[in-house]
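A short worksheet on the structure shown next.
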Amino acid sequence: MNTSYKKSTLLWLITTLIVFLVAIAFGLTMRMEQAEMVKIGPLNFYVLMTSHGLLMAGVWFVAGMAGIEYILSTYFPVPRWGGMIAYVCTITGVVILLISTFLTKFHAGWYFLYPLPFYAKVMESGPLLFLVALTILGVGWLIWSLVLIFTILRNFTVAQALAWHHISGRPGPTVAPFILISFVSLIGVTACILAAVVLLVLYYLEFLKSGSMSNDPLLMKNLTFFFGHTLVNEMLYLGLAVLYELFPRMAGKPAYKTSWYVGLSWNATLLIVLFAYFHHLYMDFAQPVAFQFVGQIMSWFAPLPAACVTIFSVLTTVYRSNMKWSLASLLYFFGVMFWAIGGVGAILDAVIANNFVLHNTQWVPAHFHTYNLLGNVFFSLAFTSWFADEIGNKKIAPGLVKLIFSLLVTGGVGFVLAFYLGGAFSVPRRVDTYNDVVNKGVSLAQMAVVFASLYLVGMVIYTFDFTKRCARQLFS
Amino acid sequence: MCPAIILLSALLLQSPDEADFLLTNIADARIRTSDNSSAQLSSWYSRKPIIMTLVYSRCPGVCNPYLLQIRDHVLLQAAPVERFQMLVLSFDTEDSPAQLRKLAGFNDSSPPPPNWTFGVLEKENSADLLSSIGFQTQPVNGTYDHNTVMVLVGQDGRIHQWIEGLPDNRQWDRLFRELTNDFVPVYSTLNRNVWTSCFQYDPASGYWKVNWGLLMILAPSALTVCIIMILQAIATSGRRKRNLLILIPNNHEYIE
Ligand code: HEM
Ligand SMILES: [Cu+2]
C-alpha cells in the first residue's frame with residue numbers, strides 16, 4: 001500500500017473529525033436555545049441551523065467517499081488528483097459557506113427550499129456567496145465521484161460492476177460486494193450532484209436576472225430533494241460498502257461474496273433510491289397523484305433490499321464467530337442496528353396518512369438523527385478506528401474503547417429520544433423557542449442538551465486519541 | 001389519496017386568465033351611493049374585503065339574471081355579514097343606486113342586508129377602474145356590450161380572486177373560503193409564462209400538459225447514464241490498448 005494514499009485518507013479523516021466537533025457545538029447551541037439556557041435569538045438560531053445541517057451532510061459525505069477511495073486503492077490504483085481537487089474544493093467551499101452564514105447571515109436551512117434563499121438573507125451578497133459555496137463543493141465532489149467511477153470502469157464493464165453475471169450465474173470476473181455497492185452509490189451520488197447543478201443554474205438565472213425570471217417552485221422543490229434526500233441516502237451506502245469489506249475481516253471470517261441476492265438487492269437499490277425523494281412532496285397537491293403513489297411505494301422499498309441483506313449478513317457474521325470486539329466492530333454492529341431503528345422511524349413518517357400528523361414535527365429530526373448520528377457516523381467512525389489501528393503506532397487503550405463507546409451510545413440515544421418524544425407531543429421542528437402550547441419542547445430540549453454533551457465529550461476524547469496516535473504519520 | 005385528487009381537480013377549475021389580475025391593485029375610483037353622497041372605493045375595502053361586481057340597470061341582456069343569481073348565492077351562503085362588504089356598481093353614469101337595488105330584486109319590504117351597497121361609478125376615473133379589473137364595455141345603439149366580472153378585493157386593495165361569467169359552485173366555494181380564512185388549496189401561478197414549469201394548463205381542452213420542467217427532473221438521471229456510458233467507452237478503449245501491449249510480445253515470439 002502506497003503511503004500517499006494513507007496520508008490523504010488521514011488528512012480527510014482528521015478534517016472530518018474537527019469539522020464534526022464544530023458542527024456538534026452548533027447543534028448543542030441550538031438545543032440550548034430551545035432549552036432556554038442561552039439566548040441567541042431566532043436569526044442566529046437559523047444561521048446555526050443552516051451551517052449545522054450543511055456541515056454535517058457534507059462532512060459525512062466526504063468521510064464516506066474517503067473510505068471508498070482508500071479501500072478501492074487496495075484493489076486498483078486510483079488517480080490521486082480526484083481526491084485532491086475534492087479536498088481543495090471542500091475546504092474552500094466550507095469557508096465560503098461559513099462566511100455566507102455567519103457574516104452575511106444567510107439562513108435558509110440546509111436545503112434552502114425555493115424561494116427562501118431570496119428572503120432568508122440579511123445582506124444582498126448572502127445568497128450569492130451561498131450559491132458559490134455550493135457550486136464549488138458540487139464541482140469538487142462531482143469530479144471525485146467520476147474519477148472513482150472511472151477507476152472501477154477501467155477494471156470492469158458496467159454490467160460486471162453491477163454484478164449482473166453474479167445475478168444470472170454466468171461466468172465472469174469476481175466482483176466483490178464492496179465494488180458493487182461503491183459503484184451503485186457513486187452512480188447515485190453523480191445523479192444527485194447533477195440535480196444540484198441544474199438547481200444551481202436555475203437559481204443563478206433567477207438571481208442574476210433579478211426580477212425578470214422566476215422559477216417554478218414545484219420544479220425547484222423536486223430538484224432540491226432529488227439532490228438533498230438522495231445525497232444523504234447515498235452517503236450511508238458509501239459507509240455500507242466499506243462495512244461489507246471490513247466487517248467479515250474483523251470477525252475473522254472469509255470475505256463476503258456477491259451472491260445473487262446481494263447483487264439483486266443493490267441493483268434494485270440503485271433504481272429505487274432515485275424515486276424515494278417524492279415523499280418530501282406529499283404536501284404538494286400540485287404534484288401529480290401518480291408521483292405520490294410512486295413516492296410511497298419507493299420509500300417503503302428503498303431501504304428494504306439493502307437493509308435486509310446487510311442486517312442478515314452482519315448477524316450471520318457475528319454468529320459463532322471469534323469476533324474480537326474492537327471499537328470499530330462495535331460501531332459497525334450497533335451502527336447497523338440503529339440504522340434499522342431510524343429506518344423504521346423514517347418509513348412510519350413516509351406513510352402518507354402518518355405524514356399528515358408528523359410532518360414538520362421533531363419526529364423528522366428524530367429519525368434522520370438516528371440513522372446519521374448513530375448509523376452513518378458510526379460507520380465512518382468504525383472505518384476511522386480501523387484505519388487508526390492499521391496505521392497508528394499504538395492500538396487504542398481498551399479502557400478508552402469502553403468509555404468512548406458508552407458515551408457515544410448513551411449520549412446519542414438520549415439525544416434522539418428527546419426528538420422522538422418531541423415529535424409525539426407535536427413539538428414543531430425548526431423553531432428556536434416554544435410557546436405554551438408545546439412547552440414540553442423546553443424540558444425535552446434540556447434533556448437533549450445533557451445527552452448531546454455526553455456525545456460531544458465522547459467525540460472530543462475520540463478525536464484527541466485519534467490525533468495523538470496518527471497525526472505524526474501525516475508528516476512522516 | 002382522495003383529498004389530493006380533490007385538490008388537484010380544484011386546480012383545473014381556475015380560469016387561466018385570473019392570473020392576469022391576481023394580486024394587482026384595483027383603481028381607487030369615486031362612487032356615488034345616493035343623490036348627494038359619494039365615497040372612494042378604498043373607504044370600503046380598507047375596512048373589510050369587498051366582493052364587487054359591475055352591471056347597469058338598463059341592460060336588456062345578462063345584467064338582471066346575473067345579478068339575481070349572484071344575490072341568491074351570496075344570501076344563501078350565509079357568510080358572516082361582518083366579514084365582507086358587497087358592492088354592486090354601475091358603469092353607466094345615468095344609473096342611480098335605487099335602480100340598481102331594484103335590479104337586484106330588493107325593495108322596501110325585502111331590503112338588502114346591511115353589508116350591501118349599490119353605487120354608480122363617477123365619470124372621472126371609471127375607465128381606470130374598469131381596466132384594472134378587466135371589465136370591457138362597448139356602446140351599441142344606446143346600450144352596452146360587456147362581459148361580467150366579479151372580484152374579491154382584499155384590505156390591501158389588491159384583487160384576491162377574479163371570476164369572469166357566472167361563478168360555478170367550486171368558484172363560490174373558493175370565494176367564501178377566502179373570506180372566512182379557510183384554506184384555499186391553490187391559486188394559478190402568478191407567472192404564467194415560466195418556461196421551467198412542470199405543467200401547463202390548456203384552457204381549450206381543460207387538460208394538463210407536461211411541460212419542460214418535468215423533463216428537467218429526468219435530466220440528472222439521463223445525464224448520469226450518458227456519462228457512465230462515455231466513461232465506459234473511454235475505459236474500454238484504454239483497456240484494449242493495454243491488452244494490445246500485452247499481446248505484442250506474444251506475437252513477437254510467434255514470428256520468431
Ligand atoms: C450530537 C450531535 C448533534 C446535535 C446536538 C444536533 C442538533 C441539531 C438540532 C438542535 C437541530 C435543529 C432541530 C430542529 O429542527 O428543531 C438539528 C438539525 C439538523 N441536523 Fe443535527 N445534531 C447533531 C448531529 C447531526 C448529524 C450527525 C447530522 C448529519 C449527518 C445532523 C444533521 C442535521 C440536519 C440535516 C438538520 C436539519 C437542518 C435544517 O432543518 O435545515 N445533525 N440538529
Ligand atoms: Cu427524504
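Among A:LEU274, A:LEU264, which is more than 14 Å from chain B (Cβ to nearest Cβ), assigned to a helix (DSSP H, G or I) and either without any contact (Cβ under 8 Å) to a residue 24 or more places away in the chain or away from ligand 1 (no atom under 16 Å from the Cβ) (or both)? Steps first, please.
Working: A:LEU274 fails: more than 14 Å from chain B (Cβ to nearest Cβ).
From the options A:LEU274, A:LEU264, the qualifying one is A:LEU264.
Working only within segment A:69-93, note down all residues that are in a helix (DSSP H, G or I), open to solvent by 40 Å² or more (accessible area, probe 1.4 Å) and farther than 18 Å from A:ALA241 by Cα. Steps first, please.
Of segment A:69-93, the ones in a helix (DSSP H, G or I) are A:69-75, A:81-93.
Cutting the leftovers down to open to solvent by 40 Å² or more (accessible area, probe 1.4 Å) gives us A:74-75, A:81, A:84-85, A:87-88, A:91-92.
Answer for segment A:69-93, where residues must be in a helix (DSSP H, G or I), open to solvent by 40 Å² or more (accessible area, probe 1.4 Å) and farther than 18 Å from A:ALA241 by Cα: A:TRP81, A:MET84, A:ILE85, A:TYR87, A:VAL88, A:ILE91, A:THR92.
If I filter segment A:218-243 down to residues being away from ligand 2 (no atom under 16 Å from the Cβ) and within 8 Å of chain B (Cβ to nearest Cβ), which single residue comes out as surrounded by the fewest Cβ atoms within 10 Å (Cβ to Cβ)?
My answer is A:LEU218.
Can you run down the residue pairs with Cβ atoms below 6 Å, 6 or more apart or on separate chains, where the first is in segment A:1-27 and in a helix (DSSP H, G or I) and the partner is of a type in the set (Gly, Ala, Ser)?
Taking only residues 6 or more apart or on different chains, the pairs are A:TYR5/A:SER73; A:SER8/A:GLY83; A:THR9/A:ALA66; A:TRP12/A:ALA66; A:THR16/A:ALA63; A:PHE26/A:SER51.
Looking only at residues in segment A:337-351 that are surrounded by fewer than 22 Cβ atoms within 10 Å (Cβ to Cβ) and away from ligand 2 (no atom under 16 Å from the Cβ), which one is modelled with the highest pLDDT?
The extreme case among them is A:MET337.
Within 14 Å of chain B (Cβ to nearest Cβ) and farther than 22 Å from A:VAL19 by Cβ, is that true of A:ILE352? Give the derivation first.
Working: within 14 Å of chain B (Cβ to nearest Cβ): yes; farther than 22 Å from A:VAL19 by Cβ: yes.
Yes, satisfied.
Answer with yes or no whether A:ALA57 is more than 14 Å from chain B (Cβ to nearest Cβ), in contact (Cβ under 8 Å) with a residue 12 or more places away in the chain and away from ligand 2 (no atom under 16 Å from the Cβ). Explain how you work it out, then say what you get.
On the way: more than 14 Å from chain B (Cβ to nearest Cβ): yes; in contact (Cβ under 8 Å) with a residue 12 or more places away in the chain: yes; away from ligand 2 (no atom under 16 Å from the Cβ): no.
When the stated conditions are applied, A:ALA57 does not pass them.
Collect the residues in segment A:213-258 that are in a helix (DSSP H, G or I), within 24 Å of A:PRO303 (Cβ to Cβ) and basic (Lys, Arg), keeping them in residue-number order.
A:LYS221
From the set of residues in segment A:210-232 that are over 16 Å from A:PHE368 (Cβ atoms) and polar (S, T, N, Q), which is farthest from ligand 1 (Cβ to nearest atom)?
At the first step, the residues of segment A:210-232 found to be over 16 Å from A:PHE368 (Cβ atoms) are A:210-223, A:226.
Going one step further and asking which of them are polar (S, T, N, Q), we end up with A:210, A:212, A:214-215, A:222.
Values: A:SER210: 25, A:SER212: 30, A:SER214: 23, A:ASN215: 20, A:ASN222: 18 Å.
This residue is A:SER212.
For every residue, the table says whether it meets (1) under 27 Å from A:GLY109 (Cβ atoms); (2) within 15 Å of ligand 1 (Cβ to nearest atom); (3) of a type in the set (D, E, K, R).
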| residue | (1), (2), (3) |
| --- | --- |
| A:PRO305 | no, no, no |
| A:PHE312 | no, no, no |
| A:ALA328 | no, no, no |
| A:VAL351 | yes, no, no |
| A:ASN355 | yes, no, no |
| A:VAL364 | yes, yes, no |
| A:THR370 | yes, yes, no |
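Considering only residues that are hydroxyl-bearing (Ser, Thr, Tyr) and facing chain B (nearest Cβ under 9 Å), which ones fall in segment A:177-217? Give the derivation first.
Let us first name the residues in segment A:177-217 that are hydroxyl-bearing (Ser, Thr, Tyr), namely A:182, A:185, A:190, A:203-204, A:210, A:212, A:214.
Matches in segment A:177-217: A:THR190, A:SER214.
Could you pull out every one of the helices (runs of 4 or more DSSP H) wholly within segment A:368-476 that has 1 or more residues that are away from ligand 2 (no atom under 16 Å from the Cβ), open to solvent by 40 Å² or more (accessible area, probe 1.4 Å) and more than 23 Å from A:TRP60 (Cα to Cα)? Before the answer, list the steps.
Numbers: elements: A:377-391, A:398-424, A:440-475.
In segment A:368-476, the matching helices (runs of 4 or more DSSP H) lie at A:398-424, A:440-475.
Of all residues in segment A:154-171, count the ones that are farther than 19 Å from B:ALA233 by Cα and either within 14 Å of another protein chain (Cβ to nearest Cβ) or part of a loop (DSSP other than H, G, I, E, B) (or both). Show your work before the answer.
Of the residues in segment A:154-171, the ones farther than 19 Å from B:ALA233 by Cα are A:165-171.
Still in the running and either within 14 Å of another protein chain (Cβ to nearest Cβ) or part of a loop (DSSP other than H, G, I, E, B) (or both): A:169-171.
Going through segment A:154-171 one residue at a time, the tally reaches 3.
Out of segment A:34-48, which residues are within 9 Å of ligand 1 (Cβ to nearest atom) and surrounded by 22 or more Cβ atoms within 10 Å (Cβ to Cβ)? Break it down stepwise before answering.
We begin by selecting, within segment A:34-48, every residue within 9 Å of ligand 1 (Cβ to nearest atom); these are A:34, A:45-46, A:48.
Of everything in segment A:34-48, those that are within 9 Å of ligand 1 (Cβ to nearest atom) and surrounded by 22 or more Cβ atoms within 10 Å (Cβ to Cβ) turn out to be A:GLN34, A:LEU48.
Look at segment A:424-439 and say how many of its residues are over 22 Å from A:ALA346 (Cβ atoms) and in contact with a Ser or Thr (Cβ under 9 Å, 6 or more places away or on another chain).
2
Going by the structure shown, is B:SER9 under 19 Å from the mean Cα position of the chain (by Cα), of a type in the set (Ser, Thr, Tyr), open to solvent by less than 40 Å² (accessible area, probe 1.4 Å) and modelled with pLDDT under 90?
Values: under 19 Å from the mean Cα position of the chain (by Cα): yes; of a type in the set (Ser, Thr, Tyr): yes; open to solvent by less than 40 Å² (accessible area, probe 1.4 Å): no; modelled with pLDDT under 90: yes.
The answer is no for B:SER9.
The values are calculated or read from the model by the stated rules, or taken from the named source; none is laboratory data. Note that this is a predicted model, so its numbers are computed, not measured. Here the Cβ is made from the backbone with ideal geometry for all residues, glycine too, and neighbour counts use every protein chain on show. Note: accessible area is taken over every heavy atom of the protein model, side chains too, but ligands, DNA and RNA are not part of it. Shrake-Rupley method; radii C 1.70, N 1.55, O 1.52, S 1.80 Å.
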